[in-house]
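The values are calculated or read from the model by the stated rules, or taken from the named source; none is laboratory data. From a predicted model like this one, the values you see are computed outputs, not experimental measurements. No Cβ is skipped: glycine too gets one built from the backbone with ideal geometry, and neighbour counts run over all protein chains shown. Accessible surface areas use protein heavy atoms only, side chains included; no ligands, DNA or RNA. Shrake-Rupley method; radii C 1.70, N 1.55, O 1.52, S 1.80 Å.
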Amino acid sequence: MNIQKHYYPYVVLASAFLIYAQTIGFQYALDDYLIILDNDIVLSGFGKLKEIFTRPMTWGVGYNDGLYRPIPLLSHAIEVALFGEHVAWFAHAMSAVYYALLCFVLYDVLNRLFPGKEHLIVLISLLFAFQPLHTEVVANIKSRDEIFAFLFALLAMRSTLSYYSSKSFMQLGLSALWFVLALLSKESAIVFVLLIPMSLLLLVDKKEYQQVGISFGALVVPMIGYLWLRNMVITEWVPPVDITNMYSKLANSLAPAEGIEKFGMASYLVAKYFLMGIFPLNQAYEYSYNMIPIRSFTDPLVLGSVLLNLGLIGYMVKEIRKKDGAAIGILFFYATIALFSNLFILIGVTFAERFAFMSSLGSIMVLVFGFERLASKFKLTEKTMMTVLTVILLGYVGKTIARSQVWENNETLFIGDFENNENSVKAKYNAGTQYSRLSRSTNNPAEVQRYRQLAIQMYEAALEQYPGYKDANNNLGNIYLESNEFQKAVALFDKNLANNNANINSIYNRAVAYFKLENYPKAQSDFEWYLSIDRYGKPNVPLAYYYKAQCQGHNGDFTGAIVSLQEAIKLNANYWEAWQFLGKAYGMQNNIPEAEKALNQALAISPNNETVLFDLAITYLKSERQDQAIQILQDLVQRNPSNTNYAGLLQQLGVQ
């Protein structure tokens, strides 16, 4: 490269940002809805800072996912507080900035660890910056947790290296601070409690091993505090994690595997992570059941994976003491992928490209340092070596630009990328969900029907592949509910609720279906069941109270209806429909003052609302204020002459 070496880190910084500049025009996708758009804690901006640090990551959408990552949540909440909701462009821009900073710091750390090899370090940093596997992490806002964890971990390593060279305890303190921020970003950063002290071994001699121990101690103490806090947040301060579906075959294809079969498949996945870190072929966004089918231990691919892992580990053991760059890359790869390997513990996902975010650095280090060693052995010129690596780099650039576009929004991801994920049950479910959303976003009846049929096909395909998929069953029922095929909808919701299984979405949806079928006793029973479930962030609670009140009204229980409507209004004081029906309920009890008060409140929220004005006219008639009633009715006739109810009532009152 002709660029002067002191410009290398800035080339890396600018390149990492520019490769993802296109994402600034992207929208939200996939888990962005779970973590940002539907997350009550995040949407509160600065209003719920305490909850950010004392609740699990998805508590704002109503459940404990067993994850504690307050720093990414805080960054999203700050953006909401400053710019409001649904400002995707700024969130994408900031993710690109954070990623560029990460790559900048990565160059600096590697340059400290491998002095005198700037030409290789800049290649490693650029290959990392352009690695197509990282598109999910950078282009999907939710995955900022991965960026933060690695960025803060590298800053902790940088401060530790500065401590070694300066013996400044301030740097040691900074190392501990950065490490805590890494842990608070994502739990997997915990491996750096070993990797950071081990990085010193590349620089110190035997007389200075004490420095390694000191750096380790500076990280262990805050790590213990973090582990205590995390345990309190996810097990003590909120209801415990529901692991019913977390470790099912649907989430992780390895769930049924045991013994040697599980070991073989875990080895296969680790080898896949390593190879995709160099050759990112056949990328997908969803690797759950059955994208990666279970293979027997004697399968050639499994045996080949075991041999590859043994070979890499053998090389590492043999060459690590020589401070060989490829051996160090292998160590880094296995250390950072271990928690996601499914070898030691079964995790909630079979495989995910975001899990290779850190470990891909190890793969790239093996590629570059390994190629350097081969070039030396076979006497290849540096120009030849750099040319080959530059070709790979350009291949990364092209694929990253193309792959990033898949993450533009849910439509490009769930539908546009479906062919790369068609063996996944969840991908079928996601495509069905997107088609369902599209059916609700158009006013063209033919398009509505077309999208609904496509959604039904996808949901049925998912259920054929995995019959116990409750979310697919529920959403298929919703399609029939929206299509006014209420009996079909009820039958599907019944499957989810068999044996008194409290599937909260299906309870609510079946209640609505019964209401549409005018089966008010069953509808009321389901709404009461739904409301009785204690769950933070439960959706549709005011609406459930409103529907329950409607059922009570149809069943003649206006006192109960009034209580339900008052609960709805407590939760949403601007719920004008609840105020309106409250006025009608009071009217049915001949409590005219309260009826009038409630209806006027509805009008204050929804001025000139015709249905509320008509109900107010009826209330005036009940209180023998005929002139006021006539005035409202005449105004309504002028506004909407085609409504026969207004004119008909005036005629009954003798007004032409």
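Summary of values
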| quantity | calculated |
| --- | --- |
| From THR384, THR390, residue being among the β-branched types (Val, Ile, Thr), part of a helix (DSSP H, G or I) and closer than 23 Å to GLN22 by Cα | THR390 |
| Filter result for TRP529 (touching a residue at least 12 places away in the same chain (Cβ under 8 Å) and more than 29 Å from PHE493 (Cα to Cα)) | no |
| Count - residues of the stretch 21-44 that are among the hydrophobic types (A, V, I, L, M, F, W, C), touching a residue at least 40 places away in the same chain (Cβ under 8 Å) and in a helix (DSSP H, G or I) | 7 |
| The stretch 565-609, residues that are among the hydroxyl-bearing types (Ser, Thr, Tyr) and buried (at least 21 other Cβ atoms within 10 Å of the Cβ) | TYR575, TYR586 |
| Total residues in the stretch 553-597, condition farther than 17 Å from ASN608 by Cα, among the charged types (D, E, K, R) and in contact with a helix residue (DSSP H, G or I) (Cβ under 7 Å, 6 or more places away or on another chain) | 3 |
| Single residue of the stretch 408-431 satisfying the filter (open to solvent by 30 Å² or more (accessible area, probe 1.4 Å) and charged (D, E, K, R)) that is farthest from TYR469 (Cα to Cα) | GLU408 |
| Search result, residues across the stretch 598-607 that are in contact (Cβ under 8 Å) with a residue 12 or more places away in the chain and in a helix (DSSP H, G or I) | ALA598, LEU599, ASN600, GLN601, ALA602, LEU603, ILE605 |
| Residue among THR235, THR336 that is within 19 Å of VAL349 (Cβ to Cβ) and not in a loop (DSSP other than H, G, I, E, B) | THR336 |
| Residue match in the stretch 178-187 (condition: open to solvent by 50 Å² or more (accessible area, probe 1.4 Å), assigned to a helix (DSSP H, G or I) and either in contact with a strand residue (DSSP E or B) (Cβ under 6 Å, 6 or more places away or on another chain) or not aliphatic (A, V, I, L, M) (or both)) | yes |
| Residue that is nearest to the chain's Cα centre (by Cα) [pool: residues in the stretch 1-52 that are over 20 Å from ALA96 (Cβ atoms) and among the polar types (S, T, N, Q)] | ASN39 |
| Residues (within 21 Å of ARG354 (Cα to Cα) and open to solvent by 30 Å² or more (accessible area, probe 1.4 Å)) located in the stretch 188-223 | ILE190 |
| Residue tally, condition closer than 20 Å to ALA182 by Cβ and either open to solvent by 10 Å² or more (accessible area, probe 1.4 Å) or not small (Gly, Ala, Ser) (or both), over the stretch 117-130 | 1 |
| Residue that is without any contact (Cβ under 8 Å) to a residue 40 or more places away in the chain, farther than 22 Å from ASP526 by Cβ, of a type in the set (S, T, N, Q) and surrounded by 21 or more Cβ atoms within 10 Å (Cβ to Cβ), where the choices are GLN434, GLN449, GLN453, GLN457 | GLN434 |
| Pair list, Cβ < 6 Å and 6+ apart or interchain, from the stretch 47-59 residues that are in contact (Cβ under 8 Å) with a residue 12 or more places away in the chain to residues that are open to solvent by less than 30 Å² (accessible area, probe 1.4 Å) and among the polar types (S, T, N, Q) | PRO56/ASN64 |
| Single residue of the stretch 51-63 satisfying the filter (closer than 25 Å to PHE179 by Cβ and open to solvent by less than 20 Å² (accessible area, probe 1.4 Å)) that is modelled with the lowest pLDDT | THR58 |
| When residues of the stretch 617-640 are limited to those that are over 22 Å from MET588 (Cβ atoms) and without any contact (Cβ under 8 Å) to a residue 24 or more places away in the chain, the one most open to solvent (accessible area, probe 1.4 Å) | GLN638 |
| Elements of type helices (runs of 4 or more DSSP H) in the stretch 70-136, at least 2 residues being free of Cβ contacts under 8 Å to residues at least 40 places away in the same chain | 70-83, 88-113 |
| One residue from ASP299, ASP324 being open to solvent by less than 70 Å² (accessible area, probe 1.4 Å), of a type in the set (Asp, Glu) and in contact (Cβ under 8 Å) with a residue 40 or more places away in the chain | ASP324 |
| SER175 being modelled with pLDDT of 85 or more, small (Gly, Ala, Ser) and not in a helix (DSSP H, G or I) | no |
| Residue within the stretch 511-520 that is under 27 Å from the mean Cα position of the chain (by Cα) and either open to solvent by 20 Å² or more (accessible area, probe 1.4 Å) or modelled with pLDDT of 95 or more (or both) present | no |
| Sole residue being under 25 Å from the mean Cα position of the chain (by Cα), of a type outside the set (Gly, Ala, Ser), open to solvent by less than 40 Å² (accessible area, probe 1.4 Å) and within 30 Å of LEU308 (Cα to Cα), chosen from TYR226, TYR273 | TYR273 |
| Scope the stretch 2-32; condition more than 15 Å from PHE130 (Cβ to Cβ), open to solvent by 70 Å² or more (accessible area, probe 1.4 Å) and not basic (Lys, Arg); matching residues | ASN2, ILE3, GLN4, HIS6, TYR7, TYR10, GLN27 |
| Selection count, the stretch 131-156, where residues are open to solvent by 10 Å² or more (accessible area, probe 1.4 Å) and aliphatic (A, V, I, L, M) | 2 |
| Members of the stretch 343-357 found to be open to solvent by 10 Å² or more (accessible area, probe 1.4 Å) and not small (Gly, Ala, Ser), listed by number | LEU343, PHE344, ILE345, LEU346, ILE347, VAL349, ARG354, PHE355 |
| Residue ID - modelled with the highest pLDDT, chosen from residues in the stretch 490-508 that are open to solvent by less than 50 Å² (accessible area, probe 1.4 Å) and not in a helix (DSSP H, G or I) | LEU497 |
| Residue check for PRO300: out of contact with any helix residue (DSSP H, G or I) (no Cβ under 9 Å at 6 or more places or on another chain) and closer than 13 Å to ALA266 by Cα | no |
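Per-residue answers, yes or no, for (1) in contact with a Gly (Cβ under 9 Å, 6 or more places away or on another chain); (2) open to solvent by less than 30 Å² (accessible area, probe 1.4 Å); (3) small (Gly, Ala, Ser):
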residue	(1), (2), (3)
VAL366	yes, yes, no
PHE369	yes, yes, no
LEU374	no, no, no
THR387	no, no, no
THR390	no, no, no
LEU393	no, yes, no
VAL397	no, no, no
ARG403	no, yes, no
VAL406	yes, yes, no
